[in-house]
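Chemist: I'd like to ask some things about the structure below.
The values are calculated or read from the model by the stated rules, or taken from the named source; none is laboratory data. Because the structure is a prediction, the values reported are computed rather than measured. Heads up, the Cβs are rebuilt from the backbone with ideal geometry, glycines too, and the neighbour counts pull from every protein chain shown.
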Amino acid sequence: MYKVIEVKPLSNFRIWVKFEDGTEGTVDLSDLVNKGVFQRLREKEYFESVYVDPETHTVAWPDGLDLCPDALYSEITGKEMFLIFKAIHSAK
């Protein structure tokens, strides 16, 4: 699993994310804000309360909402998930 070390909220439901390996980039979450538990992200104050969970190294918000770091890594790098999992497992 890729570890997130820094996250910043941006405008228009985007976040900037930096990973332990130095990879960084912007992820657009606007597709999520109208779906299920993610609807709360439409609240500006809540969206801006994003942080890196120190135990799980994921992008998180209060009340336990979080995002899979591997999916964020895939979004930023353009690598497909199966390639990311293959790289993770071969590094062990």
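Chemist: Give me the residue from the range 25-54 that is part of a loop (DSSP other than H, G, I, E, B) and of a type in the set (Gly, Ala, Ser) and, out of that set, surrounded by the most Cβ atoms within 10 Å (Cβ to Cβ).
Modeler: In this case the residue turns out to be Ser49.
Chemist: To continue, here is another question. Would you say Lys18 is out of contact with any strand residue (DSSP E or B) (no Cβ under 8 Å at 6 or more places or on another chain), under 20 Å from Tyr2 (Cβ atoms) and among the basic types (Lys, Arg)?
Modeler: Answer is no for this residue.
Chemist: So in the range 55-85, with the set limited to residues that are at pLDDT below 90 and touching a helix residue (DSSP H, G or I) at 6+ places or on another chain (Cβ under 6 Å), which one is surrounded by the fewest Cβ atoms within 10 Å (Cβ to Cβ)?
Modeler: Ranking the qualifying residues of the range 55-85, first place goes to Met81.
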